[in-house]
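A.B. asks: Right, I'll just put the structure down here and ask away after.
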Amino acid sequence: MKRRLVFLSRDITGLCEIVEMLKQPHLQGWRWRVFTHAAASVQRLGLPLASSLLLTNLLGGAWRGGFWGVCLGVMLTIIVQPLFNIESGVAWTIIMYSLPLTLLFFGAWLGGLRGLMQGNPAMDDYRGYAENNLYVLLVDVQAVDQRLLKKIMAMCNAEQIGEHTRRMWGFPWRENIFHQPDAEAAAI
């Protein structure tokens, strides 16, 4: 299972040191990107920036809009079919299939547009760092490589500020609660 570890680098020299460590040939399958408002300095170095797909709520908005569009389409189909007494033929086929599908695509499009205007709620914890021109490094690794990545980042003086586990494709990242056994023991 992929995990996203989030690290903070306070200056560009520390970020360059981290990049040199992550470019080692034996570190395969690690995907990383930088989230910051100082994008020009990161682009000058040729480093990957966080995409707008990651920074906005496009996928979540499109998924929700499509879901509610198909729900509305099915409901309208149930209402329109007996209202006009359509039992079979081409008109029945058009109403049964095209109305829900049209509203599915329209809802996904509208939800995607709305999602583009919203920030990704999973990134809200890190926006303050990015607005202060600090460099937030988002690294996706397998669970097996997690300890190695933490050691590499500790050698480069990067502090870990978050850890997430991916649920399903298209769904937002969520916080991982695995590393709080003392809090759970105190609550019991």
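A.B. asks: Just the number please: accessible area per residue for the range 58-117, 1.4 Å probe, all protein chains included, in Å². Kindly include the intermediate steps, with their values, before the conclusion.
C.D. replies: Values: 4180 Å² over 60 residues.
Dividing the accessible area of the range 58-117 by its residue count gives 70 Å².
A.B. asks: Write down, largest first, the equivalent ellipsoid semi-axes of the chain in whole Å, where each equals the square root of 5 times an eigenvalue of the alpha-carbon gyration tensor. Don't skip to the answer; put the middle values down first.
C.D. replies: Numbers: eigenvalues 400, 77, 44 Å².
Its equivalent ellipsoid spans semi-axes of 45, 20, 15 Å.
A.B. asks: Give a residue-ordered list of calculated ³J(HN,Hα) values for the range 40-55 (Karplus: 6.51 cos²θ - 1.76 cosθ + 1.60, θ = phi - 60°; whole Hz; x for Gly, Pro).
C.D. replies: Result, rounded to whole Hz: 5, 5, 6, 5, 4, 7, x, 8, x, 8, 5, 6, 5, 5, 7, 7.
A.B. asks: How do D11, D145 stack up against each other in accessible area, from largest to smallest, with a 1.4 angstrom probe?
C.D. replies: On the way: D11 75, D145 45 Å².
So, going from the largest accessible area down, we get D11, D145.
A.B. asks: Thinking of the range 1-41 as a set of Cα atoms, what percent of all their pairs are more than 15 Å apart? Kindly include the intermediate steps, with their values, before the conclusion.
C.D. replies: Working: 402 of 820 pairs.
Considering the range 1-41, 49 percent of its Cα-Cα pairs are separated by more than 15 Å.
A.B. asks: Taking all protein chains as present, what is the carbon and sulfur share of the accessible area of the chain, in % to the nearest whole number, probe 1.4 Å? Can you show the working numbers first?
C.D. replies: Numbers: 7340 of 11690 Å².
After summing per-atom areas, the C and S share lands at 63 percent.
A.B. asks: Mean Kyte-Doolittle of at least 1.0 and a Cα length of 18 Å or more along the axis: which whole DSSP H helices of the chain meet both? Mind showing how you got there, number by number?
C.D. replies: Working: long enough: 58-83 (37 Å, 1.35); 99-117 (27 Å, 1.40).
Those that clear 18 Å and a mean of 1.0 are 58-83, 99-117.
A.B. asks: Now, a different point. Which listed residue (I79, L113, G128) has the Cα farthest towards the positive end of the charge dipole for the chain, taking +1 on Lys and Arg C-beta and -1 on Asp and Glu C-beta about the Cα centre?
C.D. replies: L113
A.B. asks: For the range 58-117, what Kirkwood radius comes out of the mean inverse Cα-Cα distance, in Å? Can you show the working numbers first?
C.D. replies: Values: mean 1/r = 0.0848 Å⁻¹.
After inverting the mean inverse Cα-Cα distance, the result is 11.8 Å.
A.B. asks: Determine how large the accessible area of F67 is when every protein chain is in place; take a 1.4 Å probe and give Å² rounded to the nearest 10.
C.D. replies: 90
The values are calculated or read from the model by the stated rules, or taken from the named source; none is laboratory data. Remember, it's a predicted structure, so these values are computed and weren't measured experimentally. Reconstructed Cβ throughout: ideal geometry from the backbone, glycine too, with neighbour counts over all protein chains shown. Side chains included, ligands, DNA and RNA excluded: accessible areas come from the protein's heavy atoms. Shrake-Rupley method; radii C 1.70, N 1.55, O 1.52, S 1.80 Å.
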